[in-house]
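Scroll down for the structure; my scribbles are underneath it.
The values are calculated or read from the model by the stated rules, or taken from the named source; none is laboratory data. Note that the structure is predicted; figures quoted are calculated from it, not measured. Cβ placement follows ideal geometry from the backbone for every residue including glycine, while neighbour counts extend to all protein chains displayed.
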Amino acid sequence: MMKNEILKLLKTSDIYISGQQLCDKFKVSRTSVWKVMEQLKKEGYGIEAVRNRGYRLTSSPDILSEAEISSMLKTEWAGQHIVYYDETDSTNNRAKDSGEKDGAHGTLFVADKQYAGKGRRGRTWESPSGKSIYMTILLRPELIAVKAPMLTLVMGLSAAQAIGKVAGLKAEIKWPNDIVINKKKVCGILTEMATEIMYINYVVIGIGINVNQEYFPGDIDKMATSFYRETGRVFRRSELIAAVLERFEENYRIFMETKDLSGIKEAYDLLLVNYGQEVKVLEPGHEYEATARGINDYGELVVTLPDGQKKRIYAGEVSVRGMYGYV
């Protein structure tokens, strides 16, 4: 789209871009260029227009749109097709609908607000607008079905790395699917898939990140945090979306070369919040204490029992918590 390309040019230029340059590049009239600039102004961008010099971007606030996200991306395939909603039930639902049809590998679904957000074990919650990231990527990996859950860990590592880069915060991973800052949850990940015996039809990975929230309702306030609460600053969500996708594209490439986590295991363990610490393993009807030793090549958490015996934990219905709280 011309609008997406013009916005990208404005963001990457340190000088004025003349209207004639844009007319020549996109083979459109000056009126068409002017209309795009007016549209960008209405969306909240600061656009300065100077006669005989052209247009310049003066401010770019926290805006979510297809054009904004696209203008930030430097990926080859992840998010190269974006489906944006001001409001939807769940980006995972929208991605699964697309997966059942002919949705392309790497398509990104983003919403400013969700009214039926999804979590593990069927939990739902309402997600307010203007504060967080709610997005889902659709994948069509050539994998056997049993390997698909490892993609949750690929995304977890990518999100933690991106948060560190964009926000300068120490983001750590609470195995298998949460990201924490200062022992409070800032990000959750939900992976769903459709398979036919051994063949994967599609995988969708949904990710929710608390960015600019000032507070959270009820008991959640004690367990959750956001970039704003940690820093007192407002962040542009599009910048973080782009960073997550860039890291995911690279980590996914490594994963698909080996079809396991051997290539990213070391990086994952470095960010594992419970690494080397005592944890409580909660299995249905049974709980025990152990020491977390990191993940293996298949994404299972390896723990050492008090008697020195090693045990591998598969996510499933098992929960791992710190000895004295959430982490």
May I ask you to list the residues in the stretch 298-327 that are modelled with pLDDT of 85 or more and surrounded by fewer than 14 Cβ atoms within 10 Å (Cβ to Cβ)?
305, 306, 307, 308, 309, 310, 312, 314
Any idea which of (1) assigned to a loop (DSSP other than H, G, I, E, B); (2) in the same structural domain as residue 18 (by TED's automatic domain parsing) is the one residue 78 doesn't satisfy?
(2)
Return yes or no: is residue 65 closer than 23 Å to residue 130 by Cα, touching a Phe, Trp or Tyr at 6+ places or on another chain (Cβ under 8 Å) and at pLDDT below 90?
no
One residue from 253, 247 being free of Cβ contacts under 8 Å to residues at least 60 places away in the same chain and not in a strand (DSSP E or B):
253
Reported set for the stretch 157-195 where residues are of a type in the set (A, V, I, L, M) and in a strand (DSSP E or B) is 173, 179, 180, 181, 186, 189, 190, 193, 194
Please work out if residue 218 is exposed (fewer than 14 other Cβ atoms within 10 Å of the Cβ) and part of a loop (DSSP other than H, G, I, E, B).
yes
Condition met for residue 174 (buried (at least 20 other Cβ atoms within 10 Å of the Cβ), farther than 16 Å from residue 235 by Cβ and among the basic types (Lys, Arg)):
yes
Just for the stretch 70-104: of the residues that are crowded, with 16+ Cβ neighbours inside 10 Å and in contact with a Phe, Trp or Tyr (Cβ under 7 Å, 6 or more places away or on another chain), which one is nearest to residue 202 (Cα to Cα)?
99
Quick one: in the stretch 234-264, of everything that is among the basic types (Lys, Arg) and surrounded by fewer than 19 Cβ atoms within 10 Å (Cβ to Cβ), which residue is nearest to residue 80 (Cα to Cα)?
253
Filter the stretch 22-62 down to residues that are modelled with pLDDT under 90, surrounded by 11 or more Cβ atoms within 10 Å (Cβ to Cβ) and closer than 17 Å to residue 2 by Cβ, then give me how many there are.
1
Residue 12 versus (1) under 17 Å from residue 239 (Cα atoms); (2) assigned by TED's automatic domain parsing to the domain that holds residue 241: which is the lone unmet condition?
(2)
Does residue 301 fit the bill of being within 22 Å of the chain's Cα centre (by Cα) and in contact (Cβ under 8 Å) with a residue 60 or more places away in the chain?
no
Can we say residue 19 is modelled with pLDDT of 90 or more, of a type outside the set (A, V, I, L, M) and surrounded by 15 or more Cβ atoms within 10 Å (Cβ to Cβ)?
yes
What about residue 248, is it farther than 23 Å from residue 77 by Cα, in contact with a helix residue (DSSP H, G or I) (Cβ under 6 Å, 6 or more places away or on another chain) and in the same structural domain as residue 74 (by TED's automatic domain parsing)?
no
Considering each of 295, 197, 254, 264 in turn, give the residue that is in the same structural domain as residue 142 (by TED's automatic domain parsing), among the β-branched types (Val, Ile, Thr) and either touching a helix residue (DSSP H, G or I) at 6+ places or on another chain (Cβ under 6 Å) or under 22 Å from residue 322 (Cα atoms) (or both).
264
Looking only at the stretch 72-94, count how many residues are without any contact (Cβ under 8 Å) to a residue 60 or more places away in the chain and charged (D, E, K, R).
4
